[in-house]
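Sharing a structure, written as structure tokens. Questions coming.
Nothing in this text is a laboratory measurement; each read-out follows from the coordinates by a stated rule. Keep in mind that what you see is a predicted model, and the values were worked out from it rather than measured. Counting neighbours? That spans all protein chains shown, and the Cβs are built from the backbone with ideal geometry, glycine included.
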Amino acid sequence: RTWQSAGASLNSEGLPNAGIDYYISSETITATMGSNADKPYMVSISGKNLADNLAMLKSIAKARNADDRIAGVELNLACPNVIGKPIIAYDFDQMDSVLKAVEKLGLYKDIPLGVKMPPYMDGPRFARAAEV
């Protein structure tokens, strides 16, 4: 479920994984990156709810203060793997609420934050997502 080479690493673990503390530990970062200090280490998160996401973002920011090899964070709002939960980024009002809560944390002035979005199949949805 993982693959590594000198220039990249891929993770397809999805929701079943070792937990945020494992992925932001210096030991895991060192084991993943090996001797390639130029390779960015990205942390991708998708909690079961907003509180989970906010808690993970706080943990990542704290870990980055201790280990600046965490190059950025991907907040996955396109995760279809939570049974009984709709994809957040298809619900524009919910996506807006999530992003406002993340922004309110104020943790990402020094660390890049990307948002993983689902595919939008038409122009009006692209435009609405851009408004958020």
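Calculated from DSSP H runs of 4 or more alone, at -39500 (n - 2.57) each and per residue, what is the 222 nm mean residue ellipticity of the chain, nearest 500?
The per-residue figure over the chain is -11500 deg cm²/dmol.
Quote to one decimal, in nm, the extra length available between Thr2 and Asn36 on full extension: 0.36 nm per residue of separation minus the C-alpha distance between them.
Roughly 10.5 nm would be gained on extension.
Go through 54-60, 4-10 and give me the packing order, highest mean Cβ count within 10 Å leading.
Highest-to-lowest ranking by the protection proxy: 54-60, 4-10.
Figure the gain on full extension for Lys100 and Asp68 (residue separation times 0.36 nm, minus the Cα-Cα span) and round it to one decimal in nm.
Net length gain for the segment: 9.0 nm.
Quick one: Karplus J couplings for the stretch 62-74, per residue in order, coefficients 6.51, -1.76, 1.60, θ = phi - 60°, nearest Hz, x for Gly and Pro?
Rounded to whole hertz, the list is 5, 5, 5, 4, 8, 9, 6, 6, 6, 7, x, 10, 10.
Using a cut-off of 19 Å between alpha-carbon atoms, which aspartates and glutamates can reach Lys116, once sequence neighbours fewer than 8 places away in the same chain are excluded?
Glu13, Asp52, Glu74, Asp91, Asp93, Asp96, Glu103, Glu131
Treating only the Cβ of Lys, Arg, Asp and Glu as charged (+1, +1, -1, -1), what charge dipole size does the chain show about its Cα centre? Round to the nearest 20 debye.
In total the dipole reaches around 80 debye.
On a full-extension model of 0.36 nm per residue, what is the gain between Arg128 and Asn49, subtracting their alpha-carbon distance, rounded to one decimal in nm?
26.2 nm
Another question, if that's okay. As an exercise, find the ratio Rg/Rh for the stretch 48-120 from alpha-carbon atoms, using the Kirkwood inverse-distance average for Rh.
My calculation of the ratio gives 0.98.
Roughly what % of DSSP beta bridges within the chain run antiparallel, to the nearest 5?
Taking every DSSP beta bridge within the chain, about 25 percent pair in antiparallel fashion.
Another question, then. State, in angstrom, two size descriptors of the stretch 85-132 derived from its alpha carbons: Rg to one decimal place and Dmax to the nearest whole number.
Rg and Dmax of the stretch 85-132, Cα atoms, are 11.9, 34 Å.
How far apart, in nm, are the 7 Å Cα→Cβ label points at Ile29 and Lys109?
2.0 nm
Additional query: In the set [x] 1.88; [y] 1.10; [z] 1.00, which value of Cα Rg over 2.2 N^0.38 Å was calculated from the structure you see?
[y]
In Å and from the alpha-carbon atoms only, list the Rg and Dmax of the stretch 14-86.
In Å, with Rg to one decimal and Dmax whole: 12.9, 42.
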